[in-house]
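Chemist: Structure incoming, see below.
Where a number appears in this text, it was derived from the coordinates with a stated rule and is not lab data. Nothing here was measured: the structure is a model prediction, and the numbers come from that model. FYI the Cβ positions are ideal-geometry reconstructions off the backbone, even for glycines, and counts take in every protein chain you see.
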Amino acid sequence: MFAIDFGARSIKVLKLNKVGAGYELDSFGTNFSPEGAVANGEIINPIAVAEALADLLSKIRMRDNRAIIAITGQKLIIREIILPLMEEKEILPGVLWEAPKYVPYNLDEAVIDAEKIEEFTEKDGNQMMRVLLVAVPKSVIQPYMEALKKVRIIPKIVDISSAANIRAFDFYLNKSQNEPKEKVQEEKEKQSIETVTDAILSIGASTTILTLTEKGNLKFARDILIGGNDITKAIAKSLNLTFSEAEKLKRETKIINPSEESPGEKKSDEAEKIMLKILDQLAKEVRKSLNYYKTQNQQVKYSKIILCGGSANISGIEEFLTNEFEITTKIGDPWKGIRINEAEFDLKRLNKIKSTLATVIGLAKRER
């Protein structure tokens, strides 16, 4: 499928072809987003974005006119709700009935969708189902539609970034839970069963998206308004550098964890201190969400954090996050399972920027 990801720093387009059980890269390209045109998951200047997208599509000679895109941002509502088991055609009306409890804006001014996650039986025998409710104001989607219309692209599907990131890292996720060996167990034993939860942390230019997933299903998502640009701007301001100079310094600076420092060694240089200050703020917000989700789901066990986004390239960030959360953190490879013709594509470049491509790859993996 042909996919477009509108990021604050860059616009990414990518097309995958299904080959057997895997995929093959068909087309790919990136272009810088116009300054200030995309921020915090929203398109601010659709005309400028359309011009940048048109230039990119022309360069890679993309002829497809139907694409899948993703939305995100703090106005996007994602909630898991429980409803009585019903037929597929009844799900959306049922969700709309419950939506006012979860959506803080007028439903008439929103786009709402729902998807059944799983069915289950309660202790009293009632057949129930878990449903994912997704809602977003029409005002958030409209600029995307305007930008696409100007380049004559028809939005085939409007997805959410968290769902795309889950597909991108399908190979890394736990797909099954620890099940009790005996069918009949004491209640205490049932309560001791832990639910294995994976986290995906996408640190983009203006926003960090935290996604929690169980058995490959989206369970929780939060947009945190801290990103790589905040680190760069802080370095630029403190050290009197241009944004480009600060970005270069950020890429060259390694975060040294306390356990790695030698006795008497200078704790950190100025750039590292600044980076750690912003990353500490980010870690604090992520920890709030991890703790909140755990209070709502008492038996949660966090298995791993999969890291992506442009700031995943900060040297030492895996160790920093592992130390902060005491959860193994690893940089995910969204190219895993995708065939790439080295005669057509620069494999070295694709691997260098792979952390920024998780969303667009996950979008392109969607088959319906």
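Chemist: If I model a spin label as a point 7 Å beyond the Cα along the Cα-Cβ vector, how far apart are those points for Glu88 and Glu342 in nm?
Modeler: Output for this residue pair reads 4.3 nm.
Chemist: Same structure, new question: Please work out the FRET efficiency for the pair Phe120 and Thr242, using the Cβ-Cβ distance as r and a Förster radius of 45 Å; give the result to the nearest 0.05.
Modeler: 0.20
Chemist: Return the long-range amide H neighbours of Glu80 (sequence gap of 5 or more, or a different chain), with a cut-off of under 5 Å between placed amide H atoms.
Modeler: Those qualifying (amide H under 5 Å, at least 5 residues apart or on another chain) are Leu133.
Chemist: Then there is this: Give the calculated FRET efficiency between Asp108 and Ile154 to the nearest 0.05, with a Förster radius of 30 Å applied to their Cβ-Cβ distance.
Modeler: 0.75
Chemist: Whole angstrom only: what separates the Cα centroid of region 43-78 from the Cα centroid of region 93-123?
Modeler: Cα centres, region 43-78 to region 93-123: 28 Å.
Chemist: Given the pairs Lys15/Lys248; Lys175/Lys284; Lys123/Lys219; Lys237/Lys273; Lys101/Lys156, which span a C-alpha to C-alpha distance of over 25 angstrom in this model?
Modeler: Among Lys15/Lys248; Lys175/Lys284; Lys123/Lys219; Lys237/Lys273; Lys101/Lys156, the Cα-Cα distance tops 25 Å for Lys15/Lys248; Lys175/Lys284; Lys101/Lys156.
Chemist: Suppose only helical runs count, i.e. DSSP H with n ≥ 4. What mean residue ellipticity at 222 nm does that imply for the chain under -39500 (n - 2.57) per run, divided by all residues and rounded to the nearest 500 deg cm²/dmol?
Modeler: When only DSSP H runs of four or more count, the value is -10000 deg cm²/dmol.
Chemist: Only loop residues by DSSP count here, and only those with at most 13 other Cβ atoms within 10 Å; note down the GluC sites (Glu not before Pro) in region 19-76 that meet that. Show your work: numbers first, answer last.
Modeler: Working: sites: Glu24, Glu35, Glu42, Glu51; in loops: Glu35.
Those satisfying the criteria are Glu35.
Chemist: Then there is this: Name the residues whose placed amide hydrogens come within less than 5 Å of the amide hydrogen of Ser315, ignoring near sequence neighbours (fewer than 5 apart) on the same chain.
Modeler: Here the answer is Ile255, since their amide H atoms fall under 5 Å of that of Ser315.
Chemist: Let me spell out the model: positive unit charges on the Cβ of Lys and Arg, negative unit charges on the Cβ of Asp and Glu, origin at the Cα centre of the chain. What dipole size does that give, in debye rounded to 20?
Modeler: Rounded to the nearest 20 debye, it is 780 debye.
Chemist: Would you work out the relative contact order for region 115-159, in percent, from Cα pairs under 8 angstrom that are 6 or more residues apart?
Modeler: Computed value for region 115-159: 25 percent relative contact order.
Chemist: Checking the a/c ratio against 1.5 first, then a/b against b/c, what shape does the Cα gyration tensor give for region 1-102?
Modeler: oblate
Chemist: What does a probe at Lys215 reach in region 77-100, counting residues whose amide N is under 17 Å from the point 7 Å along Cα→Cβ?
Modeler: 80-86
Chemist: Can I ask one more? Give me the net charge of Lys215's neighbourhood, meaning all other residues with Cβ under 10 Å from the Cβ of Lys215; Lys, Arg count +1, Asp, Glu -1.
Modeler: Summing Lys and Arg as +1 and Asp and Glu as -1 gives -1.
Chemist: What nm value, rounded to one decimal, do you get for the distance between Thr195 and Glu326 when each label is placed 7 Å out toward the C-beta?
Modeler: It is 2.2 nm.
Chemist: Follow-up. Compute the length gained on full extension between Phe32 and Ser58: take 0.36 nm times their separation in residues and subtract their Cα-Cα distance, giving the result in nm to one decimal.
Modeler: 7.9 nm
Chemist: With the contact rule set at Cα under 8 Å and sequence spacing of 6 or more, what percent relative contact order holds for the chain?
Modeler: 20
Chemist: Counting only DSSP beta bridges with both residues in the chain, tell me the antiparallel percent, nearest 5.
Modeler: The answer is about 70 percent antiparallel.
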